[in-house]
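Report on one structure; see the data block that follows.
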Amino acid sequence: MSLRDALRSAPMVDAMPGLRLLRVGDGWDLVRISADIGFLALAHLRATRAAIGPVLYDGPNERLYYAIGIGTAERWADLPVRHLSANSWLVAPGPEQIDDWFGGWCELPDDDTLTDADALHAALQHPCVTAATALEEVGR
């Protein structure tokens, strides 16, 4: 099932109209990245024409979530990301909702395309992205 289809069938969050509760790990996992690094990686993926699946921007928390294939947890240990899989949940806007405050979907393919995990990993190791990571850590 595509993430778009999962959004359509996911239960609504009672207190927040338009938001849905997605169970992670059913056909796709997520990689959570700070927005600064995540947007640079997204630009790199677009420039290299890599497969890009759903990418959610969480404005209040300044994070991006990339939907990737399941079973890639071991690939992310050396990067400043969090891998989310089975037993994880994501509150996400429906496919029709984009909000300046909340954020929204940067990418939401109509099919079951997922972001290529190897390409995302490579993008996160690109010199432009790693320089931003170093700057982000200095700012903490």
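The values are calculated or read from the model by the stated rules, or taken from the named source; none is laboratory data. Worth saying up front: this structure is predicted, and the values here are computed from it rather than measured. Glycine gets a Cβ as well: all are built from the backbone with ideal geometry, and neighbour counts include every protein chain shown. Note: accessible area is taken over every heavy atom of the protein model, side chains too, but ligands, DNA and RNA are not part of it. Shrake-Rupley method; radii C 1.70, N 1.55, O 1.52, S 1.80 Å.
What to note about this one:
- Checking Leu42 against (1) of a type in the set (A, V, I, L, M); (2) under 22 Å from Leu79 (Cα atoms); (3) at pLDDT below 95, the condition it does not meet: (3)
- Unique match (being open to solvent by 70 Å² or more (accessible area, probe 1.4 Å), over 23 Å from Asp111 (Cα atoms) and in contact with a helix residue (DSSP H, G or I) (Cβ under 9 Å, 6 or more places away or on another chain)) among Arg23, Arg63: Arg63
- Residues in segment 1-17 that are in a loop (DSSP other than H, G, I, E, B) and surrounded by 13 or more Cβ atoms within 10 Å (Cβ to Cβ): Ser2, Ala10, Val13.
- Condition check for Leu120: open to solvent by less than 50 Å² (accessible area, probe 1.4 Å), in a helix (DSSP H, G or I), modelled with pLDDT of 90 or more and among the hydrophobic types (A, V, I, L, M, F, W, C): yes
- Just one residue in the set Leu79, Leu45, Leu40, Leu56 is open to solvent by less than 20 Å² (accessible area, probe 1.4 Å) and either in a helix (DSSP H, G or I) or touching a His at 6+ places or on another chain (Cβ under 9 Å) (or both); that residue is Leu45.
- Restricted to segment 18-37, and to residues there that are part of a loop (DSSP other than H, G, I, E, B) and either among the charged types (D, E, K, R) or in contact with a strand residue (DSSP E or B) (Cβ under 7 Å, 6 or more places away or on another chain) (or both), the residue that is farthest from His121 (Cα to Cα) is Gly18.
- Taking segment 123-137 as the range and being modelled with pLDDT under 90 and of a type in the set (A, V, I, L, M) as the test, the residues that pass are Val129, Ala131, Ala132, Ala134, Leu135.
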